[in-house]
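The values are calculated or read from the model by the stated rules, or taken from the named source; none is laboratory data. Not measured: the values here are computed from a predicted model. For neighbour counting, all protein chains shown are included, and Cβ atoms are generated from backbone atoms with ideal geometry for every residue, glycine included.
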């Protein structure tokens, strides 16, 4: 299958798609390597990730360029993605200090202990929008905690994942501990069905996340499946106009809007024209090919522009129009310019569905309760933010929105390590979160051991 650069439309490589038989071979390799890998101490395994982190820093320019080529991000966004990967590795390196194992003398001469033990062979399925970062959401923690892994990156962006594997090998990861398979539906189904895979993590669209979660859990596997989003920003009239305008514009357009934490719906409370004007001002400073990257494919470009056209036909007003965008010297690239659409109604498709492009839909309401009602009616629940200078209003809104990650005067409220990433509703299926401390409980199971060494001490029934 050809790998195409979204920036130019040119083929930059190709990937061999795996069969279900090759998935089985990868699982077998992981299964055979599990006893020796899990038999090492956590501290020994973590040493590999100290070296891996150093390699990420040494190769940051190369890794940045790779993300830019295969995903279409601008250089600064790609570099930020690699830097986030480094931060994720730093959390992994801290696991020996924070693993929540416990030991206590519960009675005279009787000791109880808990320990987190690895599951076995696990699988990670990752998307196209963060080809470097999302694999590092899962790989370091899953591996350091003693599991062996089968990774399936998006077939659209397999190059970053392959380079991660090479660097992990250089850092000392033993053969068979990490195995990569490439493909689409057939490979995902083979992963969900394989009896020797104990757990599956997935990041992608809600439609596929549901299918993966249902299929994996039907086969008695643990699963966490992150889906799409429709993230709302609620704006009060007292919000700082310049800060709100610039942050909201950056949120909607960063990574070309192709991130599950991008703001795509702004709910303006009361008289907010001055903030809308600032949003449009900053949106017009975003130039495709300069500080705005490409969307992933021609099909994505057509779909995004279709949402804009449909909303306009239904009565919405396009204030900043990003349709029919081309970049000089990259005329065959897949670019959509920043787009701001006012007077969108909640029942419109563009107000309810995930557009996954640099598009902001503005809905007008009279008060905070109306805004909260719109936000709560969304099927999704990844993120919601409020822009205001009132602490009382901020607390009122953030405590009532139905989203797993909330922010105040923050366009993209992604928690930093060690806090965990995870939404609510149809943005996430499964318990725990995919990163941070919450991920420890996903990648391990707890063993309880009770020990007695003193037969002469018979003090009470607990002894």
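Pick out the one residue from 197, 208, 191 that is without any contact (Cβ under 8 Å) to a residue 24 or more places away in the chain, touching a strand residue (DSSP E or B) at 6+ places or on another chain (Cβ under 9 Å) and either crowded, with 18+ Cβ neighbours inside 10 Å or outside the structural domain of residue 438 (by TED's automatic domain parsing) (or both).
One residue alone meets the criteria, 208.
Going by the conditions given, is residue 99 surrounded by fewer than 24 Cβ atoms within 10 Å (Cβ to Cβ), touching a helix residue (DSSP H, G or I) at 6+ places or on another chain (Cβ under 8 Å) and more than 25 Å from residue 257 (Cα to Cα)? Judged against the criteria, residue 99 is a match.
A quick yes/no check of all residues on (1) within 23 Å of residue 128 (Cα to Cα); (2) surrounded by 20 or more Cβ atoms within 10 Å (Cβ to Cβ):
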{"residue": "373", "(1), (2)": "no, no"}
{"residue": "378", "(1), (2)": "no, yes"}
{"residue": "405", "(1), (2)": "yes, yes"}
{"residue": "445", "(1), (2)": "no, no"}
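With respect to the stated conditions, residue 100 is closer than 24 Å to residue 35 by Cα and in the same structural domain as residue 193 (by TED's automatic domain parsing).
In region 364-387, the residues that are closer than 11 Å to residue 346 by Cβ form Cβ pairs under 6 Å with partners that are in a loop (DSSP other than H, G, I, E, B), at six or more places apart or across chains, as follows: 374/346; 375/401; 378/230. Within region 11-34, the set of residues being outside any helix (DSSP H, G or I), in contact with a helix residue (DSSP H, G or I) (Cβ under 6 Å, 6 or more places away or on another chain) and surrounded by fewer than 19 Cβ atoms within 10 Å (Cβ to Cβ) comprises just one member, 12.
Quick grid of which residues meet (1) outside the structural domain of residue 189 (by TED's automatic domain parsing); (2) loosely packed, with under 15 Cβ neighbours inside 10 Å; (3) out of contact with any strand residue (DSSP E or B) (no Cβ under 7 Å at 6 or more places or on another chain); (4) more than 26 Å from residue 177 (Cβ to Cβ):
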| site | (1), (2), (3), (4) |
| --- | --- |
| 6 | no, no, yes, yes |
| 37 | no, no, no, no |
| 52 | no, no, yes, no |
| 60 | no, no, yes, no |
| 70 | no, no, no, no |
| 92 | no, no, yes, no |
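Checking region 175-197 against the condition returns no match, with no residue being within 21 Å of residue 86 (Cα to Cα) and part of a helix (DSSP H, G or I). Counting only helices (runs of 4 or more DSSP H) that fall entirely inside region 35-118 and contain at least 1 residues that are within 22 Å of the chain's Cα centre (by Cα) and farther than 20 Å from residue 138 by Cα, the qualifying elements are 60-71, 75-93. Checked against the criteria, residue 432 counts as surrounded by fewer than 20 Cβ atoms within 10 Å (Cβ to Cβ), closer than 30 Å to residue 114 by Cα and in contact with a helix residue (DSSP H, G or I) (Cβ under 8 Å, 6 or more places away or on another chain). For region 328-336, the criterion of being out of contact with any strand residue (DSSP E or B) (no Cβ under 9 Å at 6 or more places or on another chain), surrounded by fewer than 21 Cβ atoms within 10 Å (Cβ to Cβ) and farther than 30 Å from residue 12 by Cβ is satisfied by no residue at all.
Evaluated against (1) closer than 13 Å to residue 359 by Cα; (2) touching a residue at least 24 places away in the same chain (Cβ under 8 Å); (3) in contact with a strand residue (DSSP E or B) (Cβ under 9 Å, 6 or more places away or on another chain), residue 323 falls short on exactly one condition, (2).
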